[in-house]
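Notes for the one structure printed next.
The values are calculated or read from the model by the stated rules, or taken from the named source; none is laboratory data. These numbers were taken from a predicted model, which means no experiment stands behind them. Here the Cβ positions follow ideal geometry from the backbone for every residue, glycine too, while neighbour counts run over all protein chains shown. With ligands, DNA and RNA removed, areas are computed over all heavy atoms of the protein, side chains included. Shrake-Rupley method; radii C 1.70, N 1.55, O 1.52, S 1.80 Å.
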Amino acid sequence: MKKTIHIIGSGFSSLAASCYLAKEGYNVVVLEKNNTIGGRARQLLKDNFTFDIGPTWYWMPDVFENFFADFGKKPSDFYELEKLDPAYQVYFDKEDSITIPGSLDEIYQIFESEEKGSSKHLKEFLKSAKYNYDVSINDLVYKPGVSPLELVTPVTIGKVTQFFSTIRKQVRKKIKSKKLIQILEFPVLFLGAKPSNTPAFYNFMNYADFGLGTWHPKGGMYKVIEAMETLAASLNVTFKTNANVQEITVNELGEAIGLVVNEEFIPSDIVLSGADYHHTETLIPKMYRQYSEKYWDKKVFAPSSLLFYVGIDKKLENVCHHTLFFDTDFDVHAKTIYDAPSWPKEPLFYASFPSVTDGSFAPMNKEAATFLIPLAPGIEDTPEIREKYFNIIINRLERLTNQSVKEHILFKESFCVNDFIKDYNSYKGNAYGLANILTQTAFLRPKIKSKKVKNLFFTGQLTVPGPGVPPALISGKIASDLILKNH
């Protein structure tokens, strides 16, 4: 008789795990508390505008290809992928920006024109980054985080100094231009930590950026969710939305035997949670929790975010599909995220204008815009504060790009700390999980297999390998492999 696995949550890691487990013959049921699947990667539809609520960047296309290949499929079987050229634009001041092209040769030219000799240093840096990328993606990130020995290979022994140096030191050793430094330090923000706290080994994110490029699935990131749902359904995975898990039931032998969903007990042989790790442990009796409140409070979390989804009644000028506004001091902003949690006075922000590339996001001659300000998790979140910061970034957008925007806004929706808590049970309203710093890498992250409850497993951004969409896909595979090994 087939064993039944219930998966809590329907984000990327849960969907990936559901496919792998169903392929191996398990009876898989995915439980989603919200009314649509996708977790943080849901979609907002309003007045013929479309917005990706969560992730908007498609990096590391090989990870997506590897996932679909495990089922004899390709991404192109489900969605159309376009390489963005330009990849993105970075603003430093009024009408002062650098646009990152889609080809590496052009990127070298951009660097050289900004700082003579920098292209040579960039080539050396990217050679190391590519090597680290190949080592990571082909080996290290697929380890389950069970033992420190997973990290000990002939390659990593040779790279040990990179684990004790930082991205910041590595970047600033040879490059002097402040603008180029900011561009090179930007990709590690996807790992949820400051460049000064991120091991130099993680420069593989720079290879993901410049070497592999920035891509766009036509119709948005939600097309990837729909593709994974279609694949899962073809493998007989069952989906239940509006299914709020209130308890994971543990018997006297310390075994997970089922869940209470919408006040009803549902038996299960195995439980896999892709929901927030801290929240999941509140669903079991205290004696079975692996990590205390003190443990979570001491962890370094990746940022939360204030997001705005905005419909604009005209096409914007001087912006790219992905546009970063680095016209204020990142180190000052970073202190308000990691050192003294508070609202930043002069925030850096990111904007996505997918309708620049993809006409399906907005009606003709209109623009769909998503704005994101990274924030400390757990800070105060009120409508008044959101409105204040919306005005700050729109005023900056108008000044830096030299155009009027505010008077052309049709509507705006916002999403912040309180929404991350309400919609995703996110610890302190964090958006990206645990930061990837040295003391929270690999086996030092919360475990995929519960140490105290049999048949209970975890997947997602609070366990291995860490934050981001490609790591979430990998986490789903790691969790499914560990379940297969144990059952």
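Which of the following residues is buried (at least 20 other Cβ atoms within 10 Å of the Cβ) and touching a Pro at 6+ places or on another chain (Cβ under 7 Å): ALA41, ALA17, ALA22?
Numbers: ALA17 fails: touching a Pro at 6+ places or on another chain (Cβ under 7 Å); ALA22 fails: touching a Pro at 6+ places or on another chain (Cβ under 7 Å).
On inspection, the qualifying residue turns out to be ALA41.
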### Query
Which residues, counting only those in region 245-265, are touching a residue at least 24 places away in the same chain (Cβ under 8 Å) and touching a Leu at 6+ places or on another chain (Cβ under 9 Å)?
VAL245, GLN246, GLU247, ILE248, VAL250, GLU255, ALA256, LEU259, VAL261
### Summary
So, first residue closer than 16 Å to LYS33 by Cβ in region 220-244, second residue among the polar types (S, T, N, Q), Cβ within less than 6 Å, six or more apart or across chains; the pairs are THR241/ASN35; ASN242/ASN35; ASN244/ASN262
### Query
Restricting attention to region 25-53, which residues are closer than 15 Å to SER480 by Cβ and in contact with a helix residue (DSSP H, G or I) (Cβ under 6 Å, 6 or more places away or on another chain)?
VAL28, VAL30
### Query
Take the residues of region 71-118 that are polar (S, T, N, Q) and part of a helix (DSSP H, G or I): which is most open to solvent (accessible area, probe 1.4 Å)?
GLN109
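Can you tell me which of LYS335, LYS388, LYS314 is open to solvent by 40 Å² or more (accessible area, probe 1.4 Å) and assigned to a loop (DSSP other than H, G, I, E, B)?
Working: LYS335 fails: assigned to a loop (DSSP other than H, G, I, E, B); LYS388 fails: assigned to a loop (DSSP other than H, G, I, E, B).
Selected residue: LYS314, the only one of LYS335, LYS388, LYS314 that is open to solvent by 40 Å² or more (accessible area, probe 1.4 Å) and assigned to a loop (DSSP other than H, G, I, E, B).
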### The listed residue being in contact (Cβ under 8 Å) with a residue 60 or more places away in the chain and under 27 Å from ASP329 (Cβ atoms), out of ILE175, ILE167
ILE175
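Each row is one residue, and each column tells you yes or no for (1) open to solvent by 60 Å² or more (accessible area, probe 1.4 Å); (2) at pLDDT 95 or above; (3) of a type outside the set (S, T, N, Q).
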position: LEU324; (1), (2), (3): no, yes, yes
position: THR357; (1), (2), (3): no, yes, no
position: ALA362; (1), (2), (3): no, yes, yes
position: ASN365; (1), (2), (3): yes, yes, no
### Message
I'm told GLY378 meets every condition in (1) surrounded by 17 or more Cβ atoms within 10 Å (Cβ to Cβ); (2) under 22 Å from the mean Cα position of the chain (by Cα) except one. Can you identify the failing condition by its number?
### Response
(1)
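Given the criteria in contact with a Leu (Cβ under 8 Å, 6 or more places away or on another chain), among the basic types (Lys, Arg) and in contact (Cβ under 8 Å) with a residue 40 or more places away in the chain, does LYS299 qualify? Reasoning before the result, please.
On the way: in contact with a Leu (Cβ under 8 Å, 6 or more places away or on another chain): yes; among the basic types (Lys, Arg): yes; in contact (Cβ under 8 Å) with a residue 40 or more places away in the chain: yes.
When the stated conditions are applied, LYS299 passes them.
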### Message
Let me confirm something: among ALA275, ALA193, which residue is in a loop (DSSP other than H, G, I, E, B), open to solvent by less than 40 Å² (accessible area, probe 1.4 Å) and out of contact with any Ser or Thr (no Cβ under 9 Å at 6 or more places or on another chain)?
### Response
ALA193
